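Accompanying notes for the structure given below.
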Amino acid sequence: MATIQEEIKELKEEKNAIILAHNYQPKEIQEIADFLGDSLELCIKASEIDDKDLVVFCGVDFMAETAHILNPDKKIVIPDLEAECPMAHMLPEEELLKAKEEHPDAGVILYVNSIAEAKQHADTLCTSANAVKVTESLPHDEILFGPDKNLGTHVQERVDKKIIPTPKDGHCYVHRLFHVEDVELKREEYPNAVIICHPECNKEVQDACDEVLSTGGMLRFIAESDAEEFVIGTEIDMITRINSEIPGKKLYPLLEGAICKTMKLHTLEKVRDALKNEAPEVTLPEEVAQKSLKAVNHMLEASK
Ligand code: 13P
Ligand code: SF4
């Protein structure tokens with residue numbers, strides 16, 4: 001009898017499909033993915049998949065929606081439709097429109113972790129890998145930035161523009177779990193380790209760490225570093241990804257319990273079924289997808 005991994009491989013060939021997965025996916029999904037990456041790398045990959053008929057997206061809703069925005073004629077399926085990023089839903093369309101009315105001269109940059117209905121009103125998007133570069137690419141002196149307040153603060157400290165967070169307290173519940181005390185404890189425990197965190201962590205945690213990087217940035221930094229030990233301040237399965245890509249480094253989690261629950265909803269069985277049934281499909285109203293494409297393309301262009 002074929003293993004589930006063999007079934008997935010066969011179905012992928014039969015359907016001319018590709019499996020894209022985020023760095024936070026569990027080990028078994030990382031192992032069957034054709035492409036693994038951070039949000040920016042996944043957007044870039046999604047803009048280049050002309051030769052495939054079906055895309056299975058193992059990540060959260062906003063990532064799969066972005067793949068759909070870039071490929072409106074392709075079928076994009078997500079193994080579990082419930083895989084939502086709560087932060088992306090913290091900035092509803094109406095709230096953004098209200099903020100735009102209050103700040104008519106401000107440019108609008110939305111984190112790619114936002115719903116498509118809000119994205120359609122943005123000048124551009126960003127990820128944690130390109131937020132500073134994208135902010136500098138806009139001519140505006142004032143920037144409405146949402147939904148992640150912590151990424152906004154990270155950008156504010158690196159650009160000569162006024163960042164206006166919208167909403168006031170948009171955040172990721174996983175990265176909010178990290179505290180300065182966790183950093184201090186790990187420094188004592190592993191004095192030779194480089195401590196890295198994600199810009200979704202709060203400012204105090206970012207300031208206490210040695211490096212603040214996107215998940216893709218973490219991977220590149222560790223690959224190029226002579227250091228042997230690293231403390232990783234982001235979702236727990238980032239360590240799985242680093243371990244498989246760069247063996248031989250000692251990696252310690254800043255917090256064992258940093259788990260993005262919705263990222264873990266995808267299973268091998270659901271991937272197989274998504275391939276077999278070509279469902280559940282990720283779609284958006286055509287007008288929303290078309291309007292959001294402008295902001296997605298602006299980001300891709302600005303991050304070159
Ligand atoms: P990256 O773009 O760094 O992979 O981050 C995405 C994300 O959702 C972090 O929580
Ligand atoms: Fe969203 Fe946080 Fe999960 Fe990233 S880790 S997908 S920001 S809930």
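The values are calculated or read from the model by the stated rules, or taken from the named source; none is laboratory data. Remember, it's a predicted structure, so these values are computed and weren't measured experimentally. FYI the Cβ positions are ideal-geometry reconstructions off the backbone, even for glycines, and counts take in every protein chain you see. What goes into the accessible areas is simple: the full protein's heavy atoms, side chains included, and nothing from ligands, DNA or RNA. Shrake-Rupley method; radii C 1.70, N 1.55, O 1.52, S 1.80 Å.
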* Asked: Given the residues Ile44, Ile19, which is the only one that is in contact (Cβ under 8 Å) with a residue 60 or more places away in the chain and open to solvent by 20 Å² or more (accessible area, probe 1.4 Å)?
  -> Ile44
* List every residue pair whose Cβ atoms lie under 7 Å apart, where the two residues are 6 or more positions apart in sequence or sit on different chains, the first residue falls within region 187-213 and is outside the structural domain of Asn113 (by TED's automatic domain parsing), and the second residue, located anywhere, is aromatic (Phe, Trp, Tyr) and open to solvent by less than 30 Å² (accessible area, probe 1.4 Å). => Ala193/Phe230; Val194/Phe230; Ile196/Phe230; Cys197/Phe178; Cys201/Phe178; Val205/Phe178
* Which number in (1) within 20 Å of Gln120 (Cα to Cα); (2) more than 16 Å from ligand 2 (Cβ to nearest atom); (3) free of Cβ contacts under 8 Å to residues at least 40 places away in the same chain marks the one condition that His89 misses? -> (2)
* Asked: Can you tell me which residue in region 215-256 is nearest to Glu188 (Cα to Cα), limited to those that are of a type in the set (Asp, Glu) and either over 21 Å from the mean Cα position of the chain (by Cα) or open to solvent by less than 70 Å² (accessible area, probe 1.4 Å) (or both)?
  -> Glu229
* Assuming Arg272 fulfils every condition listed in (1) under 26 Å from Ala17 (Cα atoms); (2) within 16 Å of ligand 1 (Cβ to nearest atom) apart from one, which condition is it? -> (2)
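How about region 116-132: which of its residues are within 14 Å of ligand 1 (Cβ to nearest atom) and outside any strand (DSSP E or B)?
Thr127, Ser128, Ala129, Asn130, Ala131, Val132 - these are the residues of region 116-132 that are within 14 Å of ligand 1 (Cβ to nearest atom) and outside any strand (DSSP E or B).
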* Structure fact -> Quick count over region 72-85, residues being in contact with a Ser or Thr (Cβ under 8 Å, 6 or more places away or on another chain) and over 19 Å from Ile32 (Cα atoms), is 3
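So that you can scan it fast, the table gives a plain yes or no per residue for (1) among the acidic types (Asp, Glu); (2) under 20 Å from Ala21 (Cα atoms); (3) away from ligand 1 (no atom under 11 Å from the Cβ):
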site	(1), (2), (3)
Val205	no, no, yes
Ala208	no, no, yes
Thr215	no, yes, no
Phe221	no, no, yes
Asp226	yes, no, yes
Ile239	no, yes, yes
Ile242	no, yes, yes
Tyr252	no, no, yes
Lys261	no, yes, yes
* Lone unmet requirement of (1) closer than 24 Å to Asn113 by Cβ; (2) in contact with a helix residue (DSSP H, G or I) (Cβ under 6 Å, 6 or more places away or on another chain) for Ala33 -> (2)
* To do: Mind telling me which of the residues Asp73, Asp34, Asp50, Asp38 ends up being within 15 Å of ligand 2 (Cβ to nearest atom) and either acidic (Asp, Glu) or open to solvent by 10 Å² or more (accessible area, probe 1.4 Å) (or both)?
  => Asp38
* Asked: Which of the residues belonging to region 150-196 are in a loop (DSSP other than H, G, I, E, B) and under 29 Å from Glu84 (Cα atoms)?
  -> Thr166, Pro167, Lys168, Asp169, Gly170, His171, Cys172, Tyr173, Val174, Phe178, His179
